[in-house]
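Everything on this sheet refers to the single structure shown next.
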Amino acid sequence: MELPCRVRGDELLPPGAMTDLRRRLRLLAGRHELASVIACSFDHRTRMLPFIFADTRAAPAGVRAIGSAMADAGFARTRIVLGQWNRHFQPSQMRLDGNLPDLFMVSSMQIHTAQCKALIRDACRIEPSRRPLIIAGGPKVIYEPWDVFAFDPAQPWGADLAVTGEEYVLLNLLEVLLNFRAGGESMRSAFARARDAGALNDIPGLVYAHADKSGLAEELVDTGPQRLLGDLDELPHPALGFALLEAPSRKAALASQPLPPDRVGRHSPLGTLVLTAGCRFGCPYCPIPAYNQRQFRSKSGQRIGDEMVRLYNEFGIRYFFGADDNFFNDRKRAVEILETLEGTRLNGGYLRDRARWGTEATVHDTLAMKDHLRTARKTGLRALWMGVEDMTGALVRKGQTPDNTREAFALLRHQGISPMPMLMHHDAQPLYTPGRPAGLLNQVKLLRKAGAIGLQVLMFTPAPGSRTYEDAFASGLVIESAGGRPVQPHMLDGNYVTASRHRQPWRKQLNILAAYLYFYNPVRFLVSLFFPKARLYLVDCGAQVLGMWGLGHTLRRTAGWACRLIAGRIKRYTRPPSSPVPLRRI
Ligand code: B12
Ligand code: SF4
């Protein structure tokens, strides 16, 4: 089921609401010395194609955004710990200036759920009277908030609260809690009193539990969909979050100081930045339009330019990735951003001469922007990730056909922007179809010929919060286990075949490997040395090397699963995962 929307006209916060809240909190912050740790959960078993490099070389924007919001509100004693860099971190060992923090926050994607739970479990080892308030958030929690609470007497640990929204929801919560908090009282105790007094019910975007005496949840309360921030220029600056990162280490505890600014760019050479949010398409397998309540939100070109300049100057970051769902979604807005970025100055020169960036857009919208691709190149845009899915439209139709995909790729290449196609393999798609573009290999060949230097091939996997999610489970599409091995969250990244009605699902698993091998291989590497597809000479062969390395990991991790699909008994779900206790919506 898709996430519910607020009533029409009430989806967005009033303009200025975020700015006012930030100002009010700064006044409150002087009276409350809060310390907080924000952890990004990361399951290292997910390290393979298509994102083997970007997954650890970009400090994720979600935890940084929460850190920026805390620092901006006056809570400078905040540390961001990335599971990507600190895999042995244990919340029970965390101290800031020698003390346990008041807040422990954890962010997770669905595929990193196991790590998210391990972090919460460890935080719950802290004696209850000293335990920080535990708040979970991020893409996992947005769609399945119930999964971070304690239900099982054998595993009596869980978060105190789930935030299903963004920065505003957290800051709104802090304001309420700090107004409730008595001098010297712990945040956990203030939270319990505020919850019992019903004070949280007016903050949309929360899920909290009513628990029994042993702390097990008996009922969950959902305060409803958040109001979204419409003007993203009101967000705190991302530079604040970059200054709070914990340095990579093998230790369970935290260092006394965060990573010095001059070392940030070395560990996170790629900076992900929120530029726009939302997409006007309505692909049935995608949760994004409903999450955004069918709104399209954006920063101004001026603000984006300022963010890039500041991150370049303060942290030495010169590669950026727009965390957009579809950057070209609103043509007018995209042109405004591009034209402003083109003229943005940096240290006496132009930003475009130093910084490079990439983002995501659809084929259809790229064609609609054809007159502006030259400007896009002039801003430093060098790569565009495009959800081509299945070019014949057998899976979804969003304006992509072999002809217009070729046309969009040609236009991009003409301007020196590398097209990076993302394909979605599915049961109805054969591996190869002689003379027709329907087959997976046929499409990979066509895309390479059209100029792709990178490739993503994922198996169609039902996404929580999408329209077809429940049906996929109810219809027996989704695999629960194969050969006795249960499907675990880290396997839900589309690299493993976990949803298929094909007679021989292992074929789908091998098809994905075949498509990657066809694209990334030593022969193509050699050819790319002499006939590169990218304008910058070493980019194409570099992508081949990275691709072959990633393919090695993909093969190593998924081959065992392919064997189980071949020889093992396949058990299927009959209903989707859901909350074990009633979830009451306010
Ligand atoms: C950039 C991006 C990537 C980059 C990430 C680079 C990096 N290290 O940062 C790359 C390309 C590596 C990537 C890879 C993948 N991605 Co991705 N990615 C995105 C994208 C487009 C933007 C993410 C982002 O930066 N958003 C901006 C930040 C600010 O938003 P946010 O993280 O949601 O955080 C906000 C709120 O969630 C909340 N919040 C977050 N954490 C917390 C914590 C607390 C305590 C609180 C209170 C609030 C809170 O507040 C934040 C501020 O507003 C999103 C879609 C989207 N528009 O968000 C998909 C998305 C995150 N990706 C997704 C997926 C599925 C994947 C892959 C599995 C795809 C694949 N099959 O390979 C891989 C996983 C790789 C891995 N091993 O982790 C899904 C996750 C779905 C889910 N339910 O978990 C998303 C949501 C897209 C979708 N389908 O809806 N991705
Ligand atoms: S075009 Fe992409 S972001 Fe938009 S609804 Fe379809 S899959 Fe989701």
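Every number in this text was worked out from the coordinates using simple rules, so none of it is lab data. Note that the coordinates shown come from a computational prediction; the quantities given were computed from them, not determined experimentally. We place every Cβ from the backbone using ideal geometry, glycine too, and count neighbours over all the protein chains shown.
How far is helix 440-450 tilted, in degrees, relative to the longest principal axis of the Cα atoms in the chain, given as a value from 0 to 90 rounded to the nearest 10? Orientation of helix 440-450: about 80 degrees from the principal axis.
Rounded to the nearest 10 degrees, the angle from helix 402-414 to the longest Cα principal axis of the chain is 80 degrees.
Over segment 59-205, what is the relative contact order in whole percent, taking alpha-carbon pairs under 8 Å and six or more residues apart? If you can, show how the numbers build up before the last one.
Values: 181 pairs, mean separation 28.2, N = 147.
Relative CO of segment 59-205 lands at 19 percent.
Compute the long axis of helix 187-196 from its Cα atoms, compare it with the longest principal axis of the Cα atoms of the chain, and write down the angle in degrees, 0 to 90, nearest 10. On a 0 to 90 degree scale, this one is about 80. Here is the short version for the chain: Cys5, Cys40, Cys116, Cys124, Cys279, Cys541, Cys563 have no other Cys C-beta closer than 4.7 Å.
Of all trypsin sites (Lys or Arg not before Pro) in segment 384-483, which ones are in loop regions per DSSP and have a Cβ with at most 16 other Cβ atoms within 10 Å? Mind showing how you got there, number by number?
Working: sites: Arg397, Lys398, Arg406, Arg413, Lys445, Arg448, Lys449, Arg467; in loops: Arg397, Lys398, Arg467.
Those satisfying the criteria are Arg397.
Using the Karplus relation 6.51 cos²θ - 1.76 cosθ + 1.60 with θ = phi - 60°, the per-residue 3J(HN,Hα) values for segment 167-178 come to 3, 4, 4, 5, 5, 4, 4, 4, 4, 5, 5, 5 Hz, with x marking Gly and Pro. Working ranking of peptides 17-28, 140-151, 426-437 by packing, defined as the average number of other Cβ atoms within 10 Å per residue, highest first, is 140-151, 17-28, 426-437. Here's the list of lysines a cross-link from Lys117 could span, going by alpha-carbon distance under 30 Å and ignoring same-chain residues fewer than 8 apart: Lys140, Lys213, Lys251, Lys571.
With a cut-off of 8 Å between alpha carbons and a minimum separation of six or more residues, what is the relative contact order of segment 453-577 in percent? Can you show the working numbers first?
Details: 153 pairs, mean separation 51.5, N = 125.
Relative CO of segment 453-577 lands at 41 percent.
Only Cα sites of the chain enter the Debye sum here, all with the same form factor; the resulting log10 I(q)/I(0) across q = 0.06, 0.09, 0.10, 0.11 1/Å is -0.30, -0.71, -0.89, -1.09, listed in q order. Projecting the Cα atoms of Thr379, Tyr518, Thr461 onto the charge dipole of the chain, computed from C-beta unit charges around the Cα centre, puts Tyr518 farthest toward the positive end.
With the contact rule set at Cα under 8 Å and sequence spacing of 6 or more, what percent relative contact order holds for segment 144-250?
Numbers: 121 pairs, mean separation 28.7, N = 107.
Computed over segment 144-250, the figure is 27 percent.
If the only charges are +1 at each Lys and Arg Cβ and -1 at each Asp and Glu Cβ, what is the size of the charge dipole of segment 453-577 around the Cα centre, to the nearest 20 debye? All intermediate terms of the calculation are to be shown ahead of the outcome.
Numbers: 16 positive and 5 negative charges, 75 e Å.
With only Lys, Arg, Asp and Glu charged at Cβ, the dipole is about 360 debye.
Among the GluC sites (Glu not before Pro) in segment 103-199, those placed in a DSSP loop whose Cβ has at most 15 other Cβ atoms within 10 Å are Glu185. Here the spin labels are modelled as points 7 Å beyond Cα on the Cα-Cβ line, and at Arg572 and Ser300 they lie 5.4 nm apart. Taken one residue at a time, the phi angles of segment 294-309 give Karplus couplings (6.51, -1.76, 1.60, θ = phi - 60°) of 6, 9, 10, 10, 7, 8, 7, x, 5, 5, 5, x, 4, 5, 5, 4 Hz. Gly and Pro are set to x.
The order of the peptides 280-287, 358-365 by mean Cβ neighbours within 10 Å, most packed first, is 358-365, 280-287. When you filter the trypsin sites (Lys or Arg not before Pro) in segment 479-549 for DSSP loop state and at most 10 other Cβ atoms inside 10 Å of their Cβ, you are left with Arg503. Across segment 574-586, coupling constants 3J(HN,Hα) worked out from phi with the 6.51/-1.76/1.60 Karplus curve, θ = phi - 60°, read 10, 8, x, x, 8, 5, x, 10, x, 10, 9, 8, 7 Hz, and Gly and Pro carry x.
Shape analysis of segment 453-577 based on the Cα gyration tensor places the equivalent ellipsoid semi-axes at 33, 16, 11 Å, largest first.
If you wrap the Cα atoms of segment 173-255 in a convex hull and average its projected area over all directions, you get 9.0 nm².
Using just the alpha carbons, could you tell me how many Å³ per residue the convex hull of segment 236-350 encloses? Don't skip to the answer; put the middle values down first.
Numbers: hull volume 15.5 nm³, N = 115.
Normalising the Cα hull of segment 236-350 by residue number yields 135 Å³.
Descending by average beta-carbon neighbour count within 10 Å, the peptides 265-277, 343-355, 45-57 line up as 265-277, 45-57, 343-355, the highest first.
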